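Everything on this sheet refers to the single structure shown next.
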Amino acid sequence: MRKLLMSLLMVGSLLAAGIGNAVADDASAPAAASAPAASAPADTAASAPADASAAAAAAPAAPTAPFSVDSSKISSGDTAWMLTSTALVLFMTIPGLALFYGGMVRKKNVLAIVMQSFAITCVITVIWTVIGYSLAFTPGNAFVGGFSRVFLSGMNYIKGDKATTLTVSHLAQTIPESVYFVYQLTFAIITPALITGAFADRMKFSSMLVFMSLWSIIVYSPIAHMVWEPTGWLASAGILDFAGGTVVHINAGIAALVCALVLGKRVGYGKDVMAPHNLVLTMIGASMLWVGWFGFNAGSAVAADGRAGFAMLTTQIATAMAALGWMFAEWIAKGKPSVLGIASGAVAGLVAITPASGFVGVAGALIIGLLAGVICFWSATWLKHKLGYDDSLDAFGVHCVGGIVGALLTGVFAVKDISGLDASVLLQFKGVMTTVIYSGVVSFILLKIIDMVMGLRVTEEEEREGLDVILHGEHVE
């Protein structure tokens, strides 16, 4: 009991640190705008510093928090595209990722890995509704959001006698906030689901649920806030991440590595044959991920416009190039190209183009894809063998390494005419390292706390028998 209370106290202190800062900032922040501000026409040149200051003070500020609008302000085209993108991204986790991972594990563990993706979808939906969305996408401080949307408080749709009003996010002003909420929810779902590939075959289901719940609140939401909320620390520094290279892939990938290291190797790793039990499932899952990723990347434009179209174009090009890059690298190294290899290469390309998809041109997409395929092959084979860790399904080798490749190369290949922003490799490196350090350290602390309280790993005998029967009382014929 004493260990349990101490562990809960430590977890509470982690939450309180971020929450306390957010509450303090919320208390001192001015009231949010109730309607979008009209931008004042800019003078060709300021006559004097005093005149410029006066003009800036007189100009209404852009909204910095969710606000209410008349339904006539909503774009039906943008809304339709974002509804479609939301379904596509959810489809990436269930059933896409579940099948992709399910085909790669041994037959005795396939139900367990599929169950993890499905259960995470359910748990994160509740957490995102209660607090995750508010901590990620409302004003707070530079590191975490506030509490104005806890339990989705203030999010509304009011159909009146003469007009209909609804809330929109300050980050997506042409679609209902409810649509933006669910779209971002699908990102919050797939990120922890990606981590499960690192500890496949050996983690307790109950411990997995606790870890993913705490990780979503303490790691995912703050990183999303820092990168995607305009006042966030990394966003205000100029970090470019169009669709989640840092927030999703590096974040999940480094947590996956920490999980693999803390839990240790599978029983028989390096001695027993641990070949995938059904690569057809894996190929079907990879194909679903590929299709769903158009919602992931092109949907991140949050509009049915040219940027969405270009993001879709660069995503397709980089994915194909990465699949070929991995295939030929494997062909040269091992003498034969494999189904698992080309599927893994495609996912590596999808990961790498994610931060860059709305910022780079065709040449950038080709190079990012090729390098991602080759480097991720090297990471999932030579590097993993050299360092000796057991990342069961290469979550780190594909997602963290691929995310780093894409994030850094965004700083190289971002085109200002497309992005409208200046890119810097050094700034991108800052974003990468912030995510690696924060996610890695907090993930390690959470795992150690959970291990002290309830244990992380099944017994050796249970692992040998298989998690399907031991944890879920079911098996695949």
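Where a number appears in this text, it was derived from the coordinates with a stated rule and is not lab data. In this text the structure is predicted, and so the values were computed from the model without any measurement. When we count neighbours, we look across all protein chains shown, and the Cβ atoms used for this are built from the backbone with ideal geometry, even at glycine.
Observations, loosely collected:
- Approximate spin-label separation Thr164-Val280, in nm, with each point projected 7 Å along Cα-to-Cβ: 4.6
- Values of log10 I(q)/I(0) for region 65-470 across q = 0.06, 0.10 Å⁻¹ run -0.22, -0.61, by the Debye formula with one identical scatterer at each alpha carbon and no solvent.
- Stretching the chain fully between Ser287 and Lys265 yields a gain of 5.0 nm (0.36 nm per residue, less the alpha carbon separation).
- Listed residues Trp215, Ala311, Val182: farthest to the positive end of the dipole of region 65-470 (Cβ charges): Trp215
- Cβ crowding within 10 Å, taken as a proxy for footprinting-reagent exposure, orders Asp451, Asp78 from fewest neighbours to most as Asp451, Asp78.
- Pairs of Cα atoms farther than 20 Å apart, region 360-439, %: 41
- Cys122 versus Phe205: modelled label distance in nm, points set 7 Å from Cα along the beta carbon direction: 0.9
- Going from the residue with the fewest nearby Cβ atoms within 10 Å to the one with the most, Cys376, Cys122 rank Cys122, Cys376.
- Projected area, mean over directions - region 220-287, Cα convex hull, nm²: 7.0
- With Cα atoms defining each centre, region 373-399 and region 160-228 are spaced 27 Å apart in the structure.
- Rounded to 0.05, the FRET efficiency of the Leu421 and Trp331 pair, given R0 = 41 Å and the Cβ-Cβ distance, is 0.60.
- Angle in degrees between helix 76-91 and the longest Cα principal axis of the chain, rounded to the nearest 10: 20
- Count Lys and Arg as plus one, Asp and Glu as minus one, and take only other residues whose Cβ is under 12 Å from that of Val398; the net charge is then -1.
- Across region 322-459 the C-alpha pair distances fall into 5 Å bins from zero in the proportions 2, 10, 16, 18, 17, 13, 10, 7, 4, 1, 0, 0 percent.
- The angle between the Cα long axis of helix 401-413 and the longest principal axis of the Cα atoms of the chain comes to about 40 degrees, rounded to the nearest 10.
- Each other residue within a Cβ distance under 12 Å of Ser71 adds +1 if Lys or Arg and -1 if Asp or Glu, for a net charge of +2.
- Cα-based Rg / Dmax (Å) for region 98-180: 18.4, 60
- Sequence of Lys162, Lys265 once ranked by neighbouring C-beta atoms within 10 Å, starting from the fewest: Lys162, Lys265
- Compared with the dominant principal axis of the Cα atoms in the chain, helix 339-353 is inclined by about 20°.
- For q = 0.16 Å⁻¹, Debye-computed log10 I/I(0) when each Cα of region 143-273 counts as one equal scatterer: -0.90
- The magnitude of the dipole of the chain, with charges of +1 and -1 set on the Cβ of Lys/Arg and Asp/Glu and taken from the Cα centre, is near 840 debye.
- Paramagnetic reach from Val476 (point 7 Å along Cα→Cβ, amide N under 12 Å) across region 78-106: 98-106
- Within the shell defined by Cβ-Cβ distances under 12 Å, the residues around Gln428 carry a net charge of -1, with Lys and Arg each +1 and Asp and Glu each -1.
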